[in-house]
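The values are calculated or read from the model by the stated rules, or taken from the named source; none is laboratory data. Owing to the predicted nature of the structure, the values given are computational and were not obtained by experimental measurement. Cβ sites come from the backbone with ideal geometry, for glycine too, and all protein chains shown count toward neighbours.
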Amino acid sequence: MWIDQISCCLLAVLCLHILNRFATQAKALVPTTPQIHELTPDYISDTLEVKWYEGGSAFPYELNAIWEIHILHKKPLKEAARDIIQSRLTGTEKLLHWVWTSDLPFNCTDHYVRIRYCLVDHGICSEWSELAKIPGKDSGMYPIDKVVPMGTDMTFCCVWKRGESMTTINYGGCRSGHCWTETLTEQSMALHAEKVALSPSSGFNAWCLAETTEDSDESIYGTVLFVGYPPDVPKKLDCTAQNSEEIMCQWQEGRRTNLYGTRGTHYFLIEQFSGKNITCIHARRGQQHFQCNFPILTDQTKYHFTLEAYNNLGHSKASVLLEID
């Protein structure tokens, strides 16, 4: 009989051990609340980078996780974006990151970010992290002097000061396109413009007027939008030796970009064999023709030129081979 009692005791101990093990694993699989490690907004490109540690060291074995990133803005808060990424929790503190570009300029209103994760194989999710804030600006018209391709859907906004009330908001390109407004907060309003047309060389103005409620003083906030094209592939690129000292390369622009000055196309002539390059300053030689000179190099008879064209909207390139007798 005492043998049966011992067997029962051993079975009870074994059962208790198994229960404790499962309890320990269940406790270990309670997701910790994540924290945003770094938040980097770019107020010019309206691009946001979010970084955080995945926290894999908190778990006893590898797990599949799905991360959810949530962007909120306006007042009251509304969803601006939601995205998910997958990761494998491997017991380390790996740094994850996510990049997002906002249609609404960050200057227009406060934006907020939060993250959480779910353990795929266990169907449980963490709590949301604390809201991280991207502060908007006090007053102005945004975005500031932006360059965009023709056909872009644009969002402008007017932010006015406390004590002011907005009376007018407009965009020069609305005369030829469809525009509508949207209230963001008590001190900001958005203006949406669909498929913007090519702008004049001086750009399209966007502006708003705001009055002070007490003395009717008027404030004007404004910005300029430049609408054009990325550079076309240089046409009819041809390089010839002018004399014993210089090679002259000529080409045509192709489709006009409709962008000028610092926003216009910049050209660089690169010789691939030697690795030398020239910035083609004052390359224009007429409406469509361009020229750039390159020095003849000692003991080199074969040249492989690549002409690269850059502006705010993109780049293109063309190449040509030349052999000097």
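Can you tell me which residue in region 47-73 is farthest from Val99 (Cα to Cα), limited to those that are in a strand (DSSP E or B) and more than 23 Å from the chain's Cα centre (by Cα)? Break it down stepwise before answering.
So in region 47-73, the residues in a strand (DSSP E or B) come out as 47-53, 63-73.
Filter again for more than 23 Å from the chain's Cα centre (by Cα), leaving 63-65.
Working: Leu63: 24, Asn64: 21, Ala65: 19 Å.
In this case the residue turns out to be Leu63.
Within region 145-164, the residues that satisfy the criterion of being within 16 Å of the chain's Cα centre (by Cα) and within 20 Å of Cys208 (Cβ to Cβ) are Lys146, Val148, Asp153, Met154, Thr155. One residue alone among Lys146, Lys94 is among the charged types (D, E, K, R) and touching a helix residue (DSSP H, G or I) at 6+ places or on another chain (Cβ under 9 Å), and that residue is Lys94. Quick check on His111: is it within 23 Å of Glu182 (Cβ to Cβ), at pLDDT 90 or above and not hydroxyl-bearing (Ser, Thr, Tyr)? Here the answer is yes, as His111 does meet what is asked. Taking the criterion of being of a type in the set (S, T, N, Q), within 30 Å of Asp299 (Cβ to Cβ) and either in contact with a strand residue (DSSP E or B) (Cβ under 7 Å, 6 or more places away or on another chain) or free of Cβ contacts under 8 Å to residues at least 24 places away in the same chain (or both), the only residue of region 253-276 that qualifies is Gln272.
Could you please give the count of residues in region 74-101 that are part of a loop (DSSP other than H, G, I, E, B) and modelled with pLDDT of 95 or more?
Here the count works out to 0.
Considering (1) within 36 Å of the chain's Cα centre (by Cα); (2) of a type outside the set (Lys, Arg); (3) in a loop (DSSP other than H, G, I, E, B); (4) more than 30 Å from Val196 (Cβ to Cβ), the lone condition that Val233 does not fulfil carries the number (4).
For region 30-46: of the residues being in a strand (DSSP E or B) and either farther than 19 Å from Leu131 by Cβ or of a type in the set (D, E, K, R) (or both), which is farthest from the chain's Cα centre (by Cα)?
So the residue we want is Glu38.
To keep it simple, each residue is scored yes or no on (1) among the acidic types (Asp, Glu); (2) more than 30 Å from the chain's Cα centre (by Cα); (3) surrounded by 15 or more Cβ atoms within 10 Å (Cβ to Cβ).
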{"residue": "Glu194", "(1), (2), (3)": "yes, no, no"}
{"residue": "Ala197", "(1), (2), (3)": "no, no, no"}
{"residue": "Ser201", "(1), (2), (3)": "no, no, no"}
{"residue": "Cys208", "(1), (2), (3)": "no, no, yes"}
{"residue": "Tyr229", "(1), (2), (3)": "no, no, yes"}
{"residue": "Ser244", "(1), (2), (3)": "no, yes, no"}
{"residue": "Ile247", "(1), (2), (3)": "no, yes, yes"}
{"residue": "Gly254", "(1), (2), (3)": "no, no, yes"}
{"residue": "Leu259", "(1), (2), (3)": "no, no, yes"}
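Return the only residue of Ala12, Ala26 being at pLDDT below 50, closer than 30 Å to Val113 by Cα and either in a strand (DSSP E or B) or not assigned by TED's automatic domain parsing to the domain that holds Leu95 (or both).
It is Ala26.
Pairs linking a residue in region 114-141 that is of a type in the set (Phe, Trp, Tyr) to a residue that is part of a loop (DSSP other than H, G, I, E, B), with Cβ atoms under 6 Å and 6 or more positions apart or on different chains, are Tyr117/Ser126. Return the residue satisfying two criteria in turn: it lies in region 165-184 and is over 15 Å from Ala210 (Cα atoms) and among the polar types (S, T, N, Q), and of such residues it is nearest to the chain's Cα centre (by Cα). Residue satisfying both the conditions and the ranking: Thr181.
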